[in-house]
Amino acid sequence: MGGVGEPGPQEGPAQPGAPLPIFCWEQIRAHDQPGDKWLVIERRVYDISRWEQRHPGGSRLIGHHGAEDATDAFRVFHQDLNFVRKFLQPLLIGELAPEEPSQDGPLNAQLVEDFRALHQAAEDMKLFDASPTFFAFLLGHILAMEVLAWLLIYLLGPGWVPSTLAAFILAISQAQSWCLQHDLGHASVFKKSRWNHVAQKFVMGQLKGFSAHWWNFRHFQHHAKPNIFHKDPDVTVAPFFLLGESSIEYGKKKRRYLPYNHQHLYFFLIGPPMLILVNFEVENLAYMLVCMQWADLLWAASFYARFFLSYLPFYGVPGVLLFFVAVRVLESHWFVWITQINHIPKEIGHEKHRDWVSSQLVATCNVEPSPFIDWFSGHLDFQIEHHLFPRMPRHNYSRVAPLVKSLCAKHGLSYEVKPFLTALVDIVRSLKKSGDIWLDTYLHQ
C-alpha cells in the first residue's frame, strides 16, 4: 500500500489484525476515476471501485463522493449505521494519516463538529421518529381524492364542469402522492427500510405510474450534490435551459441552440407543462427497460390499467387520453414550481468540494411556512431542514428549524426564508438573469 506520500499498488482490503496503512489526501485525490474510486468515512479510507455498482442507492450516488470525506453523507442517508458498516469492512484499505485533516479542501472544522452535535441532539429529541397518524392521514386523503374524482364523473357525467373538477382533484392527489412517495424514499415513515421500500413501490407505482427505483436513482444524487452540474440531475438541463455557471460557459463557447435570453419566456411553454408528461414519462420508461426493473414496470402498468379502465366507459379512448394529459399537465405545473422555488435561484455550478452543511445551504432556501403551504408543498417550504436531515419525518422540520437557524447564525451562514409568491417570481428572475449573462458573454467575449 505504501505510506504517506507513497501511492503504492492496490493490494485489496486491509487484513484483520494487521496495522492499517495510512494515506494522505494527495494520494486519495488520485482515485476519483471511472473504475478507480476511493472515499473517506470517519477518517477511514475505502476502495469502492468494484463495489459501487452494487451500492443500493446507485453507483452514481456513492461515486459522486469519490476522493472526498463522505462521513456526513453516510450518516444522514442511512438508518442503521452499524448494519451498513458491515458492508464497508471488506472495502477498508487504510486510514488518514494523523496529521491529515478529516476533510480535503476548505473546511470549517467547528461547523462540521457543531452539525454533528446538532444531528445527535435531533436524535435525542426523537425528531427522526415518525407519526403513524400523520402519514396514515396523508395516504387516506390521497385515496379519498381518487375516489371523489371518479364519483364526480360517475354521478354528474363526463361534462366539462365535472371533468375539470375531477382533473384538478386528481392533479392534487397526484401531487400529494409525489410528497408521500418522497417521504418513503427517504425512509422517513417506517423504522425498517424494507417497509419504506415496499410502500414506496405501491405509492409510486400503483398511485402514480412511475418507478420507485428511477426516482431514488435521480433524487438521491440531487440530495448528495445539490445544484452541482453533472451530479445533480435537476440542474443538468442544458441545452434547453442555462442555469448558473453554464450561462458563461455557453456564452464563451458561442453556443446558441436556443434563444437563451428569452428562456424565462419559453420556460412557460416547455417547463411546467411538459416536465412530467414528456420528460419524466420517457425517462422513467427508459430506466425501467434498460435497468430491467420488471417489478416496477408491473406496478406502473397497474396504475395505467386502473386509470384507463376507470374512465374509459365515460370518455372513450380519445376522451380518456385527453383527460389523462390534462391531469399530467396540471400535476407537472405543481411539481416544477414547488420543487424549484428552493433551488433555481440559488448557486448553481461545478463541484466546489464543500462540507455537508455548506454545500446544502448554498443550494437551498426556505419559504415562509403556513398550514396550507406545509400541506400544499409537502413541507418543502422547510427545504433547508429537509436537505440537512433527509431522513427526518417532515412533520418535525418546524421543531428542528430553530436549532438550524442558531447553527447558521453562529457560523455566519445564510438561512434564507422567502414569501411564497416571491419565491415563485424568483424562478423567472433567475432564468432571465442567466439568459442575460449568456447574451452579454456571447456578444462581448
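The values are calculated or read from the model by the stated rules, or taken from the named source; none is laboratory data. Since we're looking at a predicted model, the values are computed, not measured. Glycine also receives a Cβ, built like all others from the backbone with ideal geometry; neighbour counts cover every protein chain displayed. For accessibility, only protein heavy atoms count, side chains too; no ligands or nucleic acids. Shrake-Rupley method; radii C 1.70, N 1.55, O 1.52, S 1.80 Å.
For the range 312-356, what are the residues that are at pLDDT 95 or above and aromatic (Phe, Trp, Tyr)?
Once the filter is applied, which keeps residues that are at pLDDT 95 or above and aromatic (Phe, Trp, Tyr), the range 312-356 yields 314, 315, 323, 324, 334, 335, 337.
Any idea which of 170, 180, 139 is at pLDDT 95 or above and over 20 Å from residue 276 (Cβ atoms)? Lay out the reasoning, then the answer.
On the way: 170 fails: over 20 Å from residue 276 (Cβ atoms); 180 fails: over 20 Å from residue 276 (Cβ atoms).
Just a single option satisfies the conditions, and that option is 139.
Mind telling me which of the residues 401, 409, 423 ends up being aliphatic (A, V, I, L, M), under 20 Å from residue 361 (Cα atoms), free of Cβ contacts under 8 Å to residues at least 40 places away in the same chain and surrounded by 15 or more Cβ atoms within 10 Å (Cβ to Cβ)? If you could, list the steps in order and put the result at the bottom.
Numbers: 409 fails: surrounded by 15 or more Cβ atoms within 10 Å (Cβ to Cβ); 423 fails: free of Cβ contacts under 8 Å to residues at least 40 places away in the same chain.
On inspection, the qualifying residue turns out to be 401.
Could you tell me whether residue 57 is touching a Phe, Trp or Tyr at 6+ places or on another chain (Cβ under 7 Å) and either open to solvent by 30 Å² or more (accessible area, probe 1.4 Å) or part of a loop (DSSP other than H, G, I, E, B) (or both)? Break it down stepwise before answering.
Working: touching a Phe, Trp or Tyr at 6+ places or on another chain (Cβ under 7 Å): yes; either open to solvent by 30 Å² or more (accessible area, probe 1.4 Å) or part of a loop (DSSP other than H, G, I, E, B) (or both): yes.
Spelling it out, residue 57 is indeed touching a Phe, Trp or Tyr at 6+ places or on another chain (Cβ under 7 Å) and either open to solvent by 30 Å² or more (accessible area, probe 1.4 Å) or part of a loop (DSSP other than H, G, I, E, B) (or both).
Can you tell me which residues in the range 309-361 are in contact with a Phe, Trp or Tyr (Cβ under 7 Å, 6 or more places away or on another chain), surrounded by 16 or more Cβ atoms within 10 Å (Cβ to Cβ) and over 23 Å from residue 115 (Cα atoms)?
Of everything in the range 309-361, those that are in contact with a Phe, Trp or Tyr (Cβ under 7 Å, 6 or more places away or on another chain), surrounded by 16 or more Cβ atoms within 10 Å (Cβ to Cβ) and over 23 Å from residue 115 (Cα atoms) turn out to be 311, 315, 320, 323, 324, 330, 335, 349.
Give 69, 32 a once-over and let me know the one that is farther than 22 Å from residue 212 by Cα, crowded, with 21+ Cβ neighbours inside 10 Å and either within 23 Å of the chain's Cα centre (by Cα) or among the β-branched types (Val, Ile, Thr) (or both).
Being farther than 22 Å from residue 212 by Cα, crowded, with 21+ Cβ neighbours inside 10 Å and either within 23 Å of the chain's Cα centre (by Cα) or among the β-branched types (Val, Ile, Thr) (or both) holds for just one of 69, 32, which is 69.
Looking only at the range 341-391, count how many residues are outside any loop (DSSP other than H, G, I, E, B) and farther than 28 Å from residue 131 by Cβ.
Our first condition is that a residue be outside any loop (DSSP other than H, G, I, E, B); within the range 341-391, this holds for 349, 356-361, 366-367, 371-376, 380-388.
Those still in the list that are farther than 28 Å from residue 131 by Cβ too: 349, 358-359.
Counting residues in the range 341-391 that are outside any loop (DSSP other than H, G, I, E, B) and farther than 28 Å from residue 131 by Cβ gives 3.
Kindly list, by first and then second residue, each pair from a residue in the range 291-308 that is farther than 20 Å from residue 174 by Cβ and open to solvent by 50 Å² or more (accessible area, probe 1.4 Å) to a residue that is at pLDDT below 95 and aliphatic (A, V, I, L, M), limited to pairs with Cβ atoms under 6 Å and residues at least 6 apart or on different chains.
Listed pairs, sorted by first residue: none to list.
Which condition does residue 265 not pass, out of (1) open to solvent by 50 Å² or more (accessible area, probe 1.4 Å); (2) in a loop (DSSP other than H, G, I, E, B), if it passes all the others?
Just one mismatch for residue 265, condition (2).
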